[in-house]
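The values are calculated or read from the model by the stated rules, or taken from the named source; none is laboratory data. Because the structure is a prediction, the values reported are computed rather than measured. Cβ placement follows ideal geometry from the backbone for every residue including glycine, while neighbour counts extend to all protein chains displayed. Heavy atoms of the whole protein, side chains included, go into the accessibility calculation; ligands, DNA and RNA do not. Shrake-Rupley method; radii C 1.70, N 1.55, O 1.52, S 1.80 Å.
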Amino acid sequence: MRPLALLAAGLCVVALAGCANSPAPNRYQQLASSSQLAAASSEGARRTPFSYEAPGTGLSRYRSVRLLPVSLYAGADHQFGTLSASDKAQLAAFADEAFHAAFARAGLLAHGHADHAVELKITLTGAQANVPVLATATKLTPAGFALNGINALAGNEGRFTGVVIYAVEFRDGASGKILWAFVTKQYPNAMNLAATLGPLDAAKAGLEEGAEALAKATAARLKGV
């Protein structure tokens, strides 16, 4: 059998060998919203397994968002695996830029100490890097391409592809009351080849997509939609 055929066959066996590609997010015990987060039962629970909304309290009374610096979760139940301190710091810095850019494009960022601004805290709680070579190769072989196509249609992550997990907490600046919070796992489309080239490219793509989605959802809530 030719070397390329052997590689394709091997990748097929490996790709089909397991089901979970990355860890499911925890209800992280050291988050401010930890005791309030409840398991989601909706269709989107795969990406957002825990959430909370303060009863009778929406975001429509606020006019803008004060985005606090992105932080790295330090609790023992974090899910950074073997990521180095340098990799985690790089992701935190990238997340800071991604969320600022997304909220700025949406015209949501507060200027100075605006009275009608809600505080937003993003905490990175876990991440997984791309598996070198395999993350890319499984998109180039026939068997891997087919499997990733199925995952893409189902909204699942690609095989051997990295992810990022983070907590979102909106709170009233004066009282510190949690208004809306959730934990989410983000990753690029399973067919996104470019997101597999560097070790952290998939996690970064997940942060960009997650930031855009959150800015859009926040804009709707500020308008009471």
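Screening region 161-214 for residues that are of a type in the set (A, V, I, L, M, F, W, C) and assigned to a loop (DSSP other than H, G, I, E, B) and picking the one that is farthest from residue 90 (Cα to Cα) gives 174. Against the conditions (1) in contact (Cβ under 8 Å) with a residue 40 or more places away in the chain; (2) over 22 Å from residue 221 (Cα atoms); (3) polar (S, T, N, Q), residue 48 satisfies every one except (2). Quick check on region 164-174. Is at least one of its residues in contact with a helix residue (DSSP H, G or I) (Cβ under 7 Å, 6 or more places away or on another chain), modelled with pLDDT of 95 or more and among the aliphatic types (A, V, I, L, M)? The answer is yes; a qualifying residue exists.
Okay, residues lined up against (1) touching a Lys or Arg at 6+ places or on another chain (Cβ under 7 Å); (2) aliphatic (A, V, I, L, M); (3) within 22 Å of residue 23 (Cα to Cα):
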| position | (1), (2), (3) |
| --- | --- |
| 79 | no, no, yes |
| 84 | no, no, yes |
| 90 | no, no, yes |
| 99 | no, no, no |
| 112 | no, no, no |
| 116 | yes, no, no |
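Within region 58-103, take every residue that is β-branched (Val, Ile, Thr) and under 13 Å from residue 127 (Cβ atoms) and give me the one that is modelled with the lowest pLDDT. Spell out the reasoning first.
Taking region 58-103 first, the residues β-branched (Val, Ile, Thr) are 65, 70, 82.
Applying the additional criterion that residues be under 13 Å from residue 127 (Cβ atoms) yields 70, 82.
Values: 70: 98, 82: 91.
Only one residue tops the list, namely 82.
Mind checking which strands (runs of 3 or more DSSP E) fall wholly inside region 28-137 and carry at least 2 residues that are open to solvent by less than 30 Å² (accessible area, probe 1.4 Å)? Full working, then the answer.
Details: elements: 50-53, 64-67, 117-128.
Answer list for region 28-137: 64-67, 117-128.
One residue stands out among those in region 106-132 that are within 19 Å of the chain's Cα centre (by Cα) and of a type in the set (Val, Ile, Thr): the one that is modelled with the lowest pLDDT, which is 131.
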